[in-house]
Every structure is written in structure tokens, then in C-alpha cells.
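Structure first, then comments.
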Amino acid sequence: MDAHLAHSINSPTSPCDDMLKNISNLEAIQLCDREGNKSQDSGIAEMEELAVPHNIKISNITCDSFKISWSMDSKYKDRITHYFIDLNKKETKNSNKFKHKDVPTKLVAKAVPLPMTVRGHWFLSPRTEYTVAVQTASKQGDGDYAVSDWSEVVEFCTADYSKVHLTQLMEKAEAISGRMLTFSVFYRNQHKEYFDYVREKHGTLMQPSSKDNSGSHGSPISGKLEGICFSCNIEFNTGKPPHDSPYGRIRYQIPADKLFNQNTNLYFGDFYCMYTAYHYIILVIAPVGSAGDEFCKQRLPQLNIADNKFLTCTEEDGRPVYHHVQDAILEIIYTDPVDLSHGTVAEIRGHQLMSLSTANAKKDPSCKTCNISVGR
């Protein structure tokens, strides 16, 4: 059963106040800090003994919800009217000590059967570590609360976006996708040292590596999916790949049919921007039955290779024809090794535009075009 959650701390410093004030059936109170068991001026009274929650258990974790349960002495259960939940992002050794800390989220729930669900994208982000502690409370006739001591603190980590969330993100990407352009090659830019390394260590086979953390924070492929990144966008006026690249002056070009054909599956991976007017769409191409294909099949929405808004492979007069969306920059991840001998390697004439690099780029959480109503 979902708990009816109230406002965060009823204080002018809480960023949650404005976001939560219109939520119905919720009750706001001012909570005491865990550092002190009771508060002298917060409407919390020390009037009767209450059960202290223990053996806290967290389950059914998603990117913006979790279930929580605990044990407590049964002789006090009839007195309990509310639960107080203290939820905080876990501090790590890499935390920026000079950055303003997130205001703790303290929630009030009516006493409901356990486990209860805590849900809210305004205070839960995907793939993020949190700490949580619980108090029991009894509302008194004068409106004050008698409270127990705080429980032990437990830690948990929220999950990645599910297929449902990614489908919502995909629909956002489809909304900006219009005209398609014909293309014939995939290409990958790197520095000369990269290609020298491939030839020396892997016998001309480019090897998949873990995707970086660019894009949506909740993306299930970041840091987990292994692949090789390619581009396919062409310039409208020339019909060819651009002369510039942020990733290096050496370009590997391979015919599109070598990577994308009837023996591959296509998946939607992500949709994001970097505080810019243009948007990026990540797609994954995986050979049917490969390890990458199995990974994606469990986590990502699959696309019809001949009929989708982003990247298509169709046949005309018995020959494959390829199209990509014009209104977004596609980032293609191919999940298997690729042999350099299947394409060509040459130096580009343009500049290396480092400002356009998406390596570990952070998504703009305020963009209404590419964000959905779950944790960013």
C-alpha cells in the first residue's frame, strides 16, 4: 500500500516545499533532527513510550520508489498513528565539500500496514545511494506528536530506468523526429594512437568497451553496456559525413550494411541534451543472439529496423537503403568487435571541435523536451 507522504521539513530552506504544497491528503509537520531525539519547539512531544523500529528492510527498489518495512514491539502498535522517515543522499568521498548540500528529505506517513511504498521523483533519483531511518509517532489531542527514538540507519541504491521509463523517453524523442536523410556509411573518429593500438594489440579488431556516463543519469546502459561508438549523421547540403569531429582527426568509415542489416537488432538507448538547442539520441545495434543483444533485450525498447523514427534499413530494388533522422544527432553503439579491414581509415580535413564532445556529458535536467517525470 502506498503511504500518504507529507511535505519535507516545513522550513524556508527546504527545496521541496513549493513542489509538494499542492499534493492532496498530505500532512505537513516540522520534524526533529536525528542528532537530537526530541525537539523542544517543533510540535513533537515526549509524552509516552513508543516502539523503536528495528530490522529495517528495503525492497522492490525502482528508479524513483522503494518499499520499506521493519520490526517493532507489538504492544505499542495500537498507539502509533504515523511514521517519520528521514531520507538522505549518501555522502561519498568524492562529494564536493564546497557545494551546497542537499536538504534532507523528511517525510510523514500515516501508519499503514507494512511494507509501505515510498515514491516521489522530486526527492528520489535513479542510480543514487541513500540512507534512511524511521521513527514511530503518536498524534496527540492538541496536535503535538509523541515520537520514538530513531531506528538504525540503513543504506540502499535506487535502480536504473525501466523499459517503461525508456519508452516514455523514446516517445519524447519521437516527438522531435521528422525528416529522414539517406546515408550509406557509419564512421568513428579517434586519434592516430587509438588505431595504432588496435592494429598492434588486437590484429585490426576494434574491441567493445564500457559506455561512459553521458546522457540520462538513469540510463541502464551507462557503465554497463559494452560496445563501439559510431556516428552516421550526414551534412544536409553534401550528403556526406561532416569534415569536423570532437573525437580525433582520424576517421574509420564502414559501409552501413556491414553493421546494420537483417541479422541485427536495433534498440532505443537514451535521449538527452547538454544545455544546447540540439539533442542526442543513443541507439544500439546488436547482432542477433549476441551477448549485447541479450543485454539490450532485457533492458531497452526494441525498434523495428525498417519502421521507426530514428534509423532505418529498408530494401529498394533488392538493395538495402539507409535513413537517419535529421533533427537529432545519433550516437550508435555497436556491441560486437569490428574489423578495420571492412572499412577505410583516413585523416579528416576539418577541425577537432572539443566543445561538441559528449564524453561523460551531463544531461540538462531542466530541459522539457528530453526529460520525463521520474528521477533525472
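Looking at D142, is it over 29 Å from the mean Cα position of the chain (by Cα) and at pLDDT below 90?
Values: over 29 Å from the mean Cα position of the chain (by Cα): yes; at pLDDT below 90: yes.
The answer is yes for D142.
Looking at (1) open to solvent by 20 Å² or more (accessible area, probe 1.4 Å); (2) under 13 Å from D336 (Cα atoms); (3) not in a strand (DSSP E or B), which is the only condition C229 fails?
Every listed condition holds for C229 apart from (3).
Can you tell me which of (1) at pLDDT 85 or above; (2) outside any strand (DSSP E or B) is the one S373 doesn't meet?
It is condition (1) that S373 fails.
Given (1) open to solvent by less than 60 Å² (accessible area, probe 1.4 Å); (2) within 25 Å of S177 (Cα to Cα); (3) assigned to a loop (DSSP other than H, G, I, E, B); (4) not hydroxyl-bearing (S, T, Y), identify the lone condition not met by I281.
(3)
Applying the selection to region 164-222, what residues are at positive phi and either among the basic types (K, R) or in contact with a Leu (Cβ under 8 Å, 6 or more places away or on another chain) (or both)?
Within region 164-222, the subset at positive phi is 203-204, 215.
Across region 164-222, the qualifying residue is only T204.
Among the residues of region 165-184, is any buried (at least 22 other Cβ atoms within 10 Å of the Cβ), among the basic types (K, R) and either touching a Gly at 6+ places or on another chain (Cβ under 9 Å) or farther than 22 Å from K362 by Cα (or both)?
Quick first cut of region 165-184, residues buried (at least 22 other Cβ atoms within 10 Å of the Cβ) only: 165-166, 169-170, 173.
Cutting the leftovers down to among the basic types (K, R) gives us none.
There is no residue in region 165-184 that is buried (at least 22 other Cβ atoms within 10 Å of the Cβ), among the basic types (K, R) and either touching a Gly at 6+ places or on another chain (Cβ under 9 Å) or farther than 22 Å from K362 by Cα (or both).
Hey, among L311, L353, which residue is over 18 Å from the mean Cα position of the chain (by Cα) and either open to solvent by 40 Å² or more (accessible area, probe 1.4 Å) or at pLDDT below 95 (or both)? Break it down into steps so the answer makes sense when it comes.
Numbers: L311 fails: either open to solvent by 40 Å² or more (accessible area, probe 1.4 Å) or at pLDDT below 95 (or both).
Step by step, each of L311, L353 is checked, and only L353 is over 18 Å from the mean Cα position of the chain (by Cα) and either open to solvent by 40 Å² or more (accessible area, probe 1.4 Å) or at pLDDT below 95 (or both).
What single numbered condition from (1) at pLDDT below 85; (2) open to solvent by less than 20 Å² (accessible area, probe 1.4 Å); (3) aliphatic (A, V, I, L, M); (4) within 15 Å of Y247 (Cβ to Cβ) fails to hold for I332?
The one condition I332 does not meet is (1).
Hey, among I250, I234, I254, which residue is modelled with pLDDT under 95, among the hydrophobic types (A, V, I, L, M, F, W, C), touching a His at 6+ places or on another chain (Cβ under 9 Å) and closer than 26 Å to V321 by Cα? Steps first, please.
Details: I250 fails: closer than 26 Å to V321 by Cα; I254 fails: modelled with pLDDT under 95.
After ruling out the rest, the residue left standing is I234.
Could you list, in sequence order, all residues of region 109-148 that are over 22 Å from K90 (Cβ atoms) and in a loop (DSSP other than H, G, I, E, B)? Quick ask: steps written out before the conclusion?
Taking region 109-148 and keeping what is over 22 Å from K90 (Cβ atoms), we get 110-114, 136-148.
Matches in region 109-148: A111, V112, P113, L114, Q140, G141, D142, G143, D144, S148.
Looking for whichever is more than 18 Å from A173 (Cα to Cα), in contact with a helix residue (DSSP H, G or I) (Cβ under 8 Å, 6 or more places away or on another chain) and open to solvent by less than 60 Å² (accessible area, probe 1.4 Å) here; the options are Y322, Y267. Which one fits?
When all the criteria are applied, what remains is Y322.
Pairs please, first residue from region 193-211 and within 23 Å of I285 (Cα to Cα) and among the small types (G, A, S), second anywhere and outside any strand (DSSP E or B) and open to solvent by less than 60 Å² (accessible area, probe 1.4 Å), Cβ atoms under 6 Å, 6+ apart in sequence or on different chains.
Partner pairs satisfying both residue conditions: S210/G223.
Given P287, P220, which one is crowded, with 20+ Cβ neighbours inside 10 Å, farther than 16 Å from Y187 by Cα and modelled with pLDDT of 95 or more? Outline the logic, then answer.
Details: P287 fails: crowded, with 20+ Cβ neighbours inside 10 Å.
Answer to the selection: P220.
The values are calculated or read from the model by the stated rules, or taken from the named source; none is laboratory data. Computed from a predicted model, the values in this text were never measured in an experiment. Backbone-built Cβ (ideal geometry, glycine too); neighbour counts: all protein chains shown. The accessibility values were calculated without ligands, DNA or RNA, using every heavy atom of the protein model including side chains. Shrake-Rupley method; radii C 1.70, N 1.55, O 1.52, S 1.80 Å.
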